[in-house]
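J.: Below: one structure in structure tokens.
The values are calculated or read from the model by the stated rules, or taken from the named source; none is laboratory data. All values derive from a computational prediction rather than experimental measurement. When we count neighbours, we look across all protein chains shown, and the Cβ atoms used for this are built from the backbone with ideal geometry, even at glycine.
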Amino acid sequence: MGSLLKKLALALCAMGGANAINMGLRIGSGGRTIHDFKEEVAKAEANLARRDVDPESLYPKRYFDMPVDHFPNKAKYAPHTKHTYKNRYWFDDSHYKPGGPVIILQSGETNGLNRLPYMQKGILADLAEATGGMSVIFEHRYYGYSFPTRYLNTTDLRFLTTEQALEDVKYFATNVVFPGHEKENLTSGCTPWISYGGSYPGSISAFLRVKYPDVFWGSIGSSAVTKAIYDYWQYYAPVAEYGPAFAMATQKIFTDMVDTILIKKADDTTLTHKLKATFNLPNLTHNGDFGNQLASGVGLWQSLNWDPEVSDTGFYDYCNNITSSDVLYPHTESKRSDAASLLEATGYESNTTVVNQLLNYIGWVYENSVKYCGEDQTQDECFSTLIKSHYQETGQAQSVWRSWSYQYCSEWGYLQTGSGVPRNQMPVISRTIDIEYTSAVCRFAFDIHHPADVEEANQYGGYEISHSRLAFIDGQWDPWRPATPHAYQYGAPHRVSTTTEPFILIPKALHHYDENGRFPNETTPRLPPPAVKNAQKQEVHFVKAWVDEWHAAKK
Ligand SMILES: *[C@@H]1O[C@H](CO)[C@@H](O)[C@H](O)[C@H]1NC(C)=O
Ligand SMILES: *[C@@H]1O[C@H](CO)[C@@H](O)[C@H](O)[C@H]1NC(C)=O
Ligand SMILES: *[C@@H]1O[C@H](CO)[C@@H](O)[C@H](O)[C@H]1NC(C)=O
Ligand SMILES: *[C@@H]1O[C@H](CO)[C@@H](O)[C@H](O)[C@H]1NC(C)=O
Ligand SMILES: *[C@@H]1O[C@H](CO)[C@@H](O)[C@H](O)[C@H]1NC(C)=O
Ligand SMILES: *[C@@H]1O[C@H](CO)[C@@H](O)[C@H](O)[C@H]1NC(C)=O
């Protein structure tokens with residue numbers, strides 16, 4: 001059900017290779033609703049069925065006994081428990097040669113199965129092959145099948161914190177015995193461990209090196225969001241800056257039109273109703289929910305990937321729609337005079353070109369979202385994120401939306417607002433998408449009423465985080481770049497890249513573009529693009545140098 005069914009299906013095709021949507025949009029921004037997230041499990045399972053070779057048949061799942069509570073003395077985890085749970089992981093020893101490193105990929109805020117393709121192709125496979133390494137995919141607690149507790153209510157979620165998650169990986173690295181390798185000691189005391197992660201797992205990877213330098217010999221943080229930010233309005237800044245200029249200029253005008261009506265002219269209920277009715281959303285009660293649906297197009301930016309197999313190019317379709325001077329959806333013709341009067345009411349000219357573009361915006365939102373609302377449902381039921389009863393299920397299957405929501409409500413923030421955009425800039429999403437609106441999930445699902453404790457993450461250095469053998473790889477166009485060490489515009493310092501502290505910005509790249517890859521028989525001169533291939537090559541080069549360093553140090 002729900003708004004973005006079609007787009008969601010497309011976005012989920014991307015999951016296998018690259019862009020799990022979990023770290024992408026929040027409930028209540030970029031068109032995402034609670035329903036969209038609930039669709040994820042089924043879609044992800046369907047996606048697994050369409051791969052060349054099901055990676056699950058190649059890499060059996062393994063379970064490691066993990067303490068539920070690593071901090072028996074910290075009051076925040078009371079009541080404490082001495083129980084353990086089964087933490088899932090996978091490994092591949094097909095490249096492994098005795099003396100080689102363990103390369104561990106942090107799976108982060110998704111089902112670890114979604115990361116399995118990286119065993120076969122992409123950076124994990126490349127690094128293992130180049131170093132004779134053992135590759136591991138480590139599922140994060142409270143995701144996939146790795147649950148320390150039976151339910152996901154606020155009481156049971158108390159063990160879902162960044163520090164417990166970091167301790168999990170440390171405990172694993174110092175204790176694991178890989179089946180079939182019982183005679184070797186592959187723990188971090190005897191073998192170099194190198195961690196890789198993209199996105200939130202990139203932060204985990206980076207924090208591990210800083211917090212436990214004796215356990216993790218080296219780490220790569222790709223699109224590592226090392227700076228937690230509560231009001232993360234900057235999410236849309238790279239879209240506005242690097243999206244097609246004409247489309248973004250048009251988007252800003254339409255957004256300003258919407259906000260002028262909903263915010264400045266809020267008392268004119270005839271006008272506000274006319275706006276919603278013209279967009280075929282007459283019965284959507286809350287302005288934030290309306291703004292959210294209108295943000296569905298710009299919200300597609302993060303689903304772009306260099307690999308056509310995993311990319312959703314819906315963002316560019318959307319841009320082409322709102323910049324087309326032809327009417328693309330004949331059913332919108334009946335709304336021509338209303339569209340023109342909305343522009344005029346907000347001080348904009350209503351020439352044929354801009355009216356046609358507005359009709360295309362209306363048509364696009366209808367075709368991609370509004371029309372999926374069932375006859376038997378109200379528009380609020382379909383599109384509102386503000387209905388408390390939608391957030392009450394606490395079974396493990398709800399982890400798809402509940403676990404990461406809990407993490408950002410409690411520690412990471414990253415609420416993707418329009419309201420946070422500085423007054424002297426025109427936002428590309430409505431200012432009705434504000435903190436109150438985007439934090440509704442925190443109150444309704446978890447009874448959290450205060451801002452996230454971003455210090456939990458930022459204690460490791462935020463933009464300034466650095467360490468020997470800690471690499472940062474980022475994408476110039478990534479909507480998450482403003483939260484990474486490459487956020488120059490927001491105060492991150494410039495750095496010189498060295499083999500010891502590699503610092504690489506991939507031009508025209510979005511979210512962790514270095515993570516996925518193609519089979520050798522599927523590469524072409526343009527795929528992966530030279531800039532991505534170059535970053536991956538550098539990663540192989542410096543990880544080999546780090547491993548050599550380890551052997552030299554142990555001699
Ligand atoms: C390329 O190789 C992989 C694995 O070796 C295989 O699964 C895939 O089908 C091949 N692709 C093509 C286009 O032949
Ligand atoms: C959460 O679920 C547990 C069962 O695991 C139950 O004991 C507890 O009372 C629940 N807490 C809340 C706040 O609902
Ligand atoms: C492996 O090595 C570590 C540290 O060097 C040691 O503490 C541990 O007991 C060893 N494990 C086994 C199974 O021998
Ligand atoms: C809006 O609500 C009215 C009154 O309940 C109803 O007649 C109409 O069908 C609804 N429209 C939509 C598009 O849901
Ligand atoms: C408009 O967007 C749709 C996707 O919703 C796409 O299929 C179509 O090609 C786009 N049309 C133009 C002219 O860009
Ligand atoms: C049409 O109106 C829009 C804004 O309403 C304006 O940006 C654009 O320049 C106008 N185009 C022409 C050809 O007048």
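J.: Suppose the filter is polar (S, T, N, Q) and within 16 Å of ligand 2 (Cβ to nearest atom); does residue 430 pass it?
T.: Working: polar (S, T, N, Q): yes; within 16 Å of ligand 2 (Cβ to nearest atom): no.
Against the criterion (polar (S, T, N, Q) and within 16 Å of ligand 2 (Cβ to nearest atom)), residue 430 does not qualify.
J.: Let me ask another. If you take the residues in the range 250-302 that are small (Gly, Ala, Ser) and under 18 Å from residue 364 (Cα atoms), which one is farthest from ligand 2 (Cβ to nearest atom)? Working first, answer last.
T.: Just the residues of the range 250-302 that are small (Gly, Ala, Ser), to begin with: 266, 277, 288, 291, 295-297, 299.
Checking which are under 18 Å from residue 364 (Cα atoms) leaves us with 277, 291, 295-297, 299.
Numbers: 277: 41, 291: 32, 295: 33, 296: 34, 297: 38, 299: 32 Å.
Ranking the candidates gives 277 first.
J.: Has the range 361-376 got any residue that is at pLDDT 95 or above, away from ligand 4 (no atom under 16 Å from the Cβ), among the hydroxyl-bearing types (Ser, Thr, Tyr) and outside the structural domain of residue 145 (by TED's automatic domain parsing)?
T.: Within the range 361-376 (the criterion being at pLDDT 95 or above, away from ligand 4 (no atom under 16 Å from the Cβ), among the hydroxyl-bearing types (Ser, Thr, Tyr) and outside the structural domain of residue 145 (by TED's automatic domain parsing)), the answer is yes, since at least one residue qualifies.
J.: Being in contact with a helix residue (DSSP H, G or I) (Cβ under 6 Å, 6 or more places away or on another chain) and outside the structural domain of residue 158 (by TED's automatic domain parsing): is that true of residue 384 here? Write out each step before concluding.
T.: Details: in contact with a helix residue (DSSP H, G or I) (Cβ under 6 Å, 6 or more places away or on another chain): yes; outside the structural domain of residue 158 (by TED's automatic domain parsing): yes.
For residue 384, the condition - in contact with a helix residue (DSSP H, G or I) (Cβ under 6 Å, 6 or more places away or on another chain) and outside the structural domain of residue 158 (by TED's automatic domain parsing) - is met.
J.: So, one more: Within the range 196-212, count every residue that is over 17 Å from the mean Cα position of the chain (by Cα), over 20 Å from residue 134 (Cα atoms) and not hydrophobic (A, V, I, L, M, F, W, C).
T.: Count: 2.
J.: Please find, among 349, 333, the residue that is away from ligand 2 (no atom under 16 Å from the Cβ) and assigned to a helix (DSSP H, G or I). Walk me through how you get there before you give the answer.
T.: Working: 349 fails: assigned to a helix (DSSP H, G or I).
Just one listed residue meets the conditions, 333.
J.: While we're here: Can you pull out the residues in the range 374-386 that are free of Cβ contacts under 8 Å to residues at least 60 places away in the same chain and in a loop (DSSP other than H, G, I, E, B)? Before you say what the answer is, go through the steps one by one.
T.: As a first pass, look at the range 374-386 and keep what is free of Cβ contacts under 8 Å to residues at least 60 places away in the same chain: 375-376, 381.
If the condition is that a residue be free of Cβ contacts under 8 Å to residues at least 60 places away in the same chain and in a loop (DSSP other than H, G, I, E, B), then 375, 376 are the ones that fit.
J.: Ok, one more. Which residues, counting only those in the range 68-92, are outside any loop (DSSP other than H, G, I, E, B) and of a type in the set (Gly, Ala, Ser)? Walk me through it before giving the result.
T.: Going residue by residue through the range 68-92, those that are outside any loop (DSSP other than H, G, I, E, B) are 75-77, 84-92.
Within the range 68-92, 75 is the sole residue that qualifies.
J.: Counting only residues that are surrounded by fewer than 16 Cβ atoms within 10 Å (Cβ to Cβ) and closer than 30 Å to residue 475 by Cβ, which one in the range 260-313 is nearest to the chain's Cα centre (by Cα)?
T.: Filtering the range 260-313 for residues that are surrounded by fewer than 16 Cβ atoms within 10 Å (Cβ to Cβ) and closer than 30 Å to residue 475 by Cβ, the one nearest to the chain's Cα centre (by Cα) comes out as 313.
J.: On to the next question. Going by what's in this entry, would residue 310 be described as more than 16 Å from ligand 4 (Cβ to nearest atom), in contact with a helix residue (DSSP H, G or I) (Cβ under 9 Å, 6 or more places away or on another chain) and among the β-branched types (Val, Ile, Thr)?
T.: Details: more than 16 Å from ligand 4 (Cβ to nearest atom): yes; in contact with a helix residue (DSSP H, G or I) (Cβ under 9 Å, 6 or more places away or on another chain): yes; among the β-branched types (Val, Ile, Thr): yes.
Against the criterion (more than 16 Å from ligand 4 (Cβ to nearest atom), in contact with a helix residue (DSSP H, G or I) (Cβ under 9 Å, 6 or more places away or on another chain) and among the β-branched types (Val, Ile, Thr)), residue 310 qualifies.
J.: A follow-up question, please. Suppose we keep only residues that are buried (at least 17 other Cβ atoms within 10 Å of the Cβ) and without any contact (Cβ under 8 Å) to a residue 40 or more places away in the chain within the range 501-532. Which one would you say is farthest from ligand 3 (Cβ to nearest atom)?
T.: Going through the qualifying residues, I end up with 531.
J.: Check 150, 158, 62 and return the single one that is within 18 Å of residue 177 (Cα to Cα) and surrounded by fewer than 24 Cβ atoms within 10 Å (Cβ to Cβ).
T.: 62
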